[in-house]
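First comes the structure, then the notes that go with it.
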Amino acid sequence: MNEKFFSLPEEKRLAIINAGYRVFSHNSYKKSPVSEIAAEAGISKSLLFHYFRNKRELYLFLIENAANTTYKYLYEFGCGVGEDDIFEMMQRGLKAKVALMKKYPDLTIFTLKAYYETDPEVSEDIQKIIGRIASFDANAKFLKIDPEKFAEGIDLKMMYTDMYLASEGYLWEKSQLGSFNADEVEKDFEKMIDFWKKIYLRKD
């Protein structure tokens, strides 16, 4: 990648990044036209290739950027900082992701779609990058879960996996329906968190 990309004004960089997220989130890697990304970003295709040598480099940059940006927002919203309440952590994480959606409207859908991308040109690299976000062990480092707060016999790893998959399933369904409003997502996740509290927390 050409370092001149990082010397661009933030507004220009954001336009290219969001254009990439939008186009790649609506198509497979192979069928995503770079010309459409360039046009939406307001630049020529040749200039886009001046910043990125080819489509693969642009795509992997966007995935890496999505991962790094997601972590940045989670840290900024205090996720996992001395936190022993998984639901409080989820509330903070929800606020972070809603803020993320408002600045990068298609980032979440792009990440979900990229996770299932099978094109051999990029699939192996995708799993290395996104795997950091998806795995329980990677996320568990943010948590200090106190088993005493939960119903007797609860498998905490299974509980986390259940909530993670339910969350991802909800986001995937929304992306497939083409309905992705950040405020609506926030309200729905608030309800889901309240539901999980009733199921998993110790009643006494």
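The values are calculated or read from the model by the stated rules, or taken from the named source; none is laboratory data. Remember, it's a predicted structure, so these values are computed and weren't measured experimentally. Note that we place each Cβ from the backbone using ideal geometry, even for glycine, and neighbour counts take in every protein chain shown. Only protein heavy atoms, including side chains, enter the accessible area calculation; ligands, DNA and RNA are left aside. Shrake-Rupley method; radii C 1.70, N 1.55, O 1.52, S 1.80 Å.
The number of residues in the stretch 46-66 being touching a residue at least 60 places away in the same chain (Cβ under 8 Å) and open to solvent by 40 Å² or more (accessible area, probe 1.4 Å) comes to 2.
Checked against (1) open to solvent by 20 Å² or more (accessible area, probe 1.4 Å); (2) at pLDDT 95 or above; (3) within 20 Å of the chain's Cα centre (by Cα), Ala39 meets all criteria but (3). Can you tell me which residue in the stretch 172-204 is surrounded by the most Cβ atoms within 10 Å (Cβ to Cβ), limited to those that are within 20 Å of the chain's Cα centre (by Cα) and closer than 13 Å to Phe87 by Cα? My answer is Phe189. Here Lys103 meets each of (1) modelled with pLDDT under 90; (2) farther than 19 Å from Ala15 by Cβ with one exception, condition (2).
Within the stretch 175-204, the set of residues being of a type in the set (Lys, Arg) and without any contact (Cβ under 8 Å) to a residue 40 or more places away in the chain comprises Lys187, Lys191, Lys198. Checked against (1) farther than 20 Å from Ile193 by Cα; (2) open to solvent by 40 Å² or more (accessible area, probe 1.4 Å), Val23 passes all but condition (2).
Tell me, which residue of the stretch 86-123 that is among the β-branched types (Val, Ile, Thr) and open to solvent by 30 Å² or more (accessible area, probe 1.4 Å) is farthest from Asp188 (Cα to Cα)? Looking at residues that are among the β-branched types (Val, Ile, Thr) and open to solvent by 30 Å² or more (accessible area, probe 1.4 Å), I get Thr118. Confirm whether Val23 is β-branched (Val, Ile, Thr) and over 17 Å from the mean Cα position of the chain (by Cα). No.
Applying the criterion of at least 2 residues that are on the phi < 0 side of the Ramachandran plot, of a type in the set (Lys, Arg) and modelled with pLDDT under 90 to the helices (runs of 4 or more DSSP H) found wholly in the stretch 107-159 leaves 123-134. Against the definition (within 20 Å of the chain's Cα centre (by Cα) and surrounded by 17 or more Cβ atoms within 10 Å (Cβ to Cβ)), how does Ser28 come out, yes or no? No: the conditions fail for Ser28. So which helices (runs of 4 or more DSSP H) stay within the stretch 1-77 end to end and still have 3 or more residues that are among the charged types (D, E, K, R) and closer than 29 Å to Thr118 by Cβ? Qualifying helices (runs of 4 or more DSSP H): 55-76. Checking Gly169 against (1) open to solvent by less than 50 Å² (accessible area, probe 1.4 Å); (2) at pLDDT 80 or above; (3) within 27 Å of Lys55 (Cα to Cα), which test does it fail? Every listed condition holds for Gly169 apart from (3).
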